[in-house]
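These notes concern the structure reproduced below.
The values are calculated or read from the model by the stated rules, or taken from the named source; none is laboratory data. What you see is a predicted model; the values in this text were computed from it and never measured. When we count neighbours, we look across all protein chains shown, and the Cβ atoms used for this are built from the backbone with ideal geometry, even at glycine. Heavy atoms of the whole protein, side chains included, go into the accessibility calculation; ligands, DNA and RNA do not. Shrake-Rupley method; radii C 1.70, N 1.55, O 1.52, S 1.80 Å.
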Amino acid sequence: MLEWSAAELLIMATVCAVMGMTSLALAMEVHWQQVQTASRVHHPWRWRVAGAIWLMASLYLCLQADRPSMAVLV
């Protein structure tokens, strides 16, 4: 299996956190209206689930990069 450095893991965790927060923002009707180009049906629960998964992935990567007390802060 590949060995990732702590810096690489934290960069991936940052990307996952940004994706998670973006997904949670798109779950809100106001933000959805700002980005939609066609009249698509809005499924906010899908965006919330995706956001939660991305944020859990970010936490997992932070836990892999550092000890738990520091990972939670990051």
Point to revise | Selected from Cys62, Ala27, Ala7, residue furthest toward positive end of dipole (the chain; charges at beta carbon) | key: Ala27
Point to revise | CD proxy at 222 nm, helix term only [per DSSP H run n ≥ 4: -39500 (n - 2.57); per residue of the chain; nearest 500] | key: -24500 deg cm²/dmol
Point to revise | Convex hull of Cα atoms in the chain, direction-averaged projection (nm²) | key: 6.2
Review point. Which angle between 0 and 90 degrees, to the nearest 10, do you get for helix 44-65 versus the longest principal axis of the chain when only C-alpha atoms count?
Key: 10
Study note, to complete from the structure: From highest to lowest solvent-accessible area (probe 1.4 Å; ligands, DNA and RNA excluded), Leu10, Leu26 read Leu10, Leu26
**Study point:** Relative contact order of the chain, defined on C-alpha pairs under 8 angstrom at six or more residues apart (%)
**Key:** 43
Exercise for review: Report the label-to-label distance for Ala38 and Gln64 in nanometres (one decimal), using points 7 Å from each Cα along the Cα→Cβ vector.
Suggested key: 3.6
**Study point:** Accessible area of the chain belonging to carbon and sulfur atoms, whole % at 1.4 Å probe
**Key:** 70
